[in-house]
Amino acid sequence: MPRKSPRSRRKGGATPRVPASPRVRSAPGQSRARAASSRAEHPLKGARPAAGAAKKKAARKPAPARRAVASPARAPRAATTPDPVRVRALLEQLRESYPGARCALDFDSPLQLLVATILSAQCTDERVNMTTPALFARFPDAASLAGAAQAEVEALVRSTGFFRQKARSIREACADIVARHGGEVPRTLEALTALRGVGRKTANVVLGNAYGIASGIVVDTHVTRLANRLGLASGTDAVKLEFALMPLVPREEWTLFSHWLILHGRAVCNARKPLCSTCPLAPHCPKLGVTLSR
């Protein structure tokens, strides 16, 4: 009897396998629903809850338009007018403190004052008074200044600063005086400000000090500082300050008022540390903007 090979023995002696139960397929859509329920029971890390998604979806909806309600119009602020009694007391004290107030620039004619005022921009009056004698000795009238060489005028006024522009302004203003007014400085504010190189401040200086005509108030750095500190006006615009100060001061004192404030600003109410402890205007001064005084 032939022997069986080990392989045949294994095949023959192997127990037949029991077929597994057939896999029952779920109905269409059943697996997706089951997966969704599983995700609902066990949410993934970082997943947003359904309520949050609903809120976000609701937030996307445009909000109902609100009815516009017009806000009540605000009444404009009334400009604060200085107390007339206090202003009168300030003027009386200034008149008493500086009885001999006059223009600090040296001049013998309206033309000399016009030229000196142009040179005084960004320069001290003392330096201008040291410069003008040589200038007027070399060029005594408007015609000679108008025909002068630019370089020669620049050399004579160099020490006053900004000498190129100042020399040009002097020559152009004198040329206009010769061409329009026969070499004489005009006597009206409109005619003076129409000259090249002449502004409202220069015109007020000439009219008030050379002709005695009160055309306005000269506003320089001292007048600007004191007008703000005394509460007479506010701001730094020279023209606006001038028109704010003119109703407060009698017209016949417009020219003197500028000299009073300039003298007081130099002697007492200086820019950095005013002498408030010895100031005669202290009882009537609100000291606006003063942070350090002596």
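A few points about this structure:
- Summary of the geometry: segment 154-198 and segment 233-294, compared by the centres of their Cα atoms, lie 30 Å apart.
- Estimated dipole of segment 110-210 in Debye, rounded to 20 [Cβ of Lys and Arg +1, of Asp and Glu -1, Cα centre]: 220 debye
- Placing dummy labels 7 Å off each Cα toward the beta-carbon, the span from Ser277 to Glu126 is 2.5 nm.
- The charge dipole of segment 190-294, taken about its Cα centre with unit charges on the Cβ atoms of Lys, Arg (+1), Asp and Glu (-1) only, comes to about 500 debye.
- Summing +1 for each Lys or Arg and -1 for each Asp or Glu among the other residues whose beta-carbon sits under 12 angstrom from that of Arg196 gives +1.
- Per-residue extension of 0.36 nm, minus the Cα-Cα distance of Ser234 and His181, leaves a gain of 15.3 nm for this segment.
- Mean projected area in nm² (Cα convex hull; one quarter of hull surface) for segment 110-210: 5.4 nm²
- Sorted by Cβ density within 10 Å, fewest first, the residues Thr131, Thr193: Thr193, Thr131
- Positive-pole candidate from Ala137, Ser159, Gly208, dipole of segment 110-210, charges at beta carbon: Ser159
Any read-out appearing in this document is the output of simple, stated calculations on the displayed coordinates, not a laboratory observation. Here the structure is a predicted model, which is why all the values come from computation and not from measurement. Reconstructed Cβ throughout: ideal geometry from the backbone, glycine too, with neighbour counts over all protein chains shown.
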